[in-house]
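Just so it is clear, none of the values below were taken in a lab; they were calculated from the coordinates. The model shown is predicted, which means the values in this text are computed figures rather than measured ones. As a convention, Cβ positions derive from the backbone with ideal geometry for all residues, glycine included, and neighbour counts pool all protein chains shown.
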Amino acid sequence: MADVEDVIIIGSGPAGYTAALYTARANLRPLVIEGFAWGGLLQQTTDVENFPGYPNGIMGPEMMQELRDQAERFGTRFITDDATRVELSDGGVQTVWIGDEAHRAKAVVLATGAQHKKLGIPGEELLSGRGVSYCATCDAAFFKEHETIIVGGGDSAMEEAIFLAKFAAHVTVVHRRDEFRASPIMLDRARAVENIAFLTPFVPEEFVAGESGALGSMRVRHAESGELRELAATGAFVAIGHEPQSELFAGQVELDENGYVVTQGHSTRTTLAGVFAAGDLVDHTYRQAITAAGLGCKAALDAEWYLRDTPPDVTARPASETIEA
Ligand code: NAP
């Protein structure tokens with residue numbers, strides 16, 4: 001079979017680009033299908049101050065450009081488009097499609113990361129980008145002196161609220177329970193900020209447009225009494241966690257009950273030989289750029305060892321091309 005790559009990497013956050021860097025340096029000429037919006041969630045961040053090696057911090061997009069450049073320097077090739085379908089095999093040829101275009105490889109690293117969870121309530125999609133946001137660190141500056149809302153009760157919600165409160169007139173943290181999932185220290189910090197208020201236990205019901213067509217208010221319902229309230233706000237930030245971007249792989253590799261790809265032991269091996277997974281796609285605990293990069297490195301080494309020790313037979317046809325007798 002012609003044109004079978006050694007390694008294809010799907011995804012381009014710290015995990016994907018680190019896997020690319022290591023496999024490129026192992027002379028495996030990786031092909032990264034990096035997605036149309038390459039760079040992952042860090043593209044939406046401002047200062048990154050906790051990635052070792054940047055004593056003065058670095059902007060998220062700049063860091064992703066540098067990781068990409070570093071991978072490119074050693075021969076990584078990129079396709080800036082979204083993978084639309086995969087056909088993963090157990091120890092055979094792995095196939096990744098971009099529309100009608102098929103790319104085949106002996107090994108594949110899945111590193112498509114995670115995305116912000118959505119509430120799934122009326123008005124959310126329509127007003128997304130028009131007052132409804134998923135990233136206070138990205139958008140808070142647009143809400144100077146505005147009435148704002150943070151939805152959520154975890155550490156992300158507290159962190160976002162504290163950051164947003166530096167810009168907004170007021171921040172109301174709306175959470176569906178009276179108890180918080182956030183760590184006590186984060187909760188105490190948020191409680192100490194003068195212009196942050198808490199509203200519990202209220203469940204978001206709907207985002208409502210104001211006269212301008214952008215967000216005007218959010219309707220909420222008391223979780224027990226059912227009392228309805230309308231909170232005037234021109235900015236609302238949904239901070240209810242993340243979910244893995246694993247739809248493409250469902251039914252092919254094993255996923256856990258939350259949709260994260262399951263890997264074996266301390267390795268990045270999935271349930272299929274030759275298919276490796278790294279970054280936020282597998283890790284719902286640490287979810288840091290540095291841990292994702294570490295997993296990307298492990299996936300590259302796992303792929304390299306797999307290709308050295310048990311390379312697949314590249315003459316085998318993928319299942320979709322096999323005609324049953
Ligand atoms: P999380 O801990 O899973 O919290 C998500 C919050 O959103 C929960 O309070 C949850 O409510 C609420 N929620 C989920 N779905 C909802 C829905 N449909 N409607 C309304 N509310 C909903 O997620 P996270 O805050 O993103 O944190 C994830 C991990 O990263 C945690 O381990 C956290 O400690 C860590 N983290 C740490 C820091 C830090 O230390 N600086 C900052 C950010 C994140 P319930 O509680 O009722 O389920």
**Asked** About its Cα centre, what dipole magnitude does the chain give when the only charges are +1 on Lys and Arg Cβ and -1 on Asp and Glu Cβ, stated in debye to the nearest 20?
**Response** 480
**Asked** Ignoring the sites themselves, what is the longest stretch of the chain with no chymotrypsin sites (Phe, Trp or Tyr not before Pro) in a DSSP loop and at most 13 other beta-carbon atoms within 10 Å?
**Response** 37-285
**Item:** Cysteines not pairable in the chain (beta carbon separation under 4.7 Å absent)
**Value:** 297
**Asked** Which of the lysines could a cross-linker bridge to residue 106, judged by Cα under 20 Å and excluding same-chain residues fewer than eight apart?
**Response** 298
**Request:** Determine the relative contact order of the stretch 144-290: mean sequence separation of Cα pairs under 8 Å and six or more apart, normalised by residue count, in whole percent.
**Result:** 19
**Longest segment of the chain lacking GluC sites (Glu not before Pro) that sit in a DSSP loop with at most 11 other Cβ atoms within 10 Å** = 50-144
**Asked** Given the C-alpha centroids of the stretch 211-273 and the stretch 53-79, what is the distance between them in whole angstrom?
**Response** 28
**Asked** Dividing the Cα convex hull volume of the chain by residue count, how many Å³ per residue is that?
**Response** 164
**Request:** Determine the calculated [θ] at 222 nm for the chain from helices alone, applying -39500 (n - 2.57) to every DSSP H run no shorter than 4 residues and normalising by the residue count; nearest 500 deg cm²/dmol.
**Result:** -6500 deg cm²/dmol
**Request:** Pairs of Cα atoms under 8 Å, at least six residues apart: use those to get the relative contact order of the chain, whole percent.
**Result:** 22
**Fill in**
For the stretch 118-238, inverting the pair-averaged 1/r of distinct alpha-carbon atoms gives a Kirkwood value in Å of 14.0
**Message:** Cut-off under 19 Å on the C-alpha distance; same-chain residues fewer than 8 positions from residue 144 excluded. Which lysines are left, in chain and number order?
**Reply:** 166
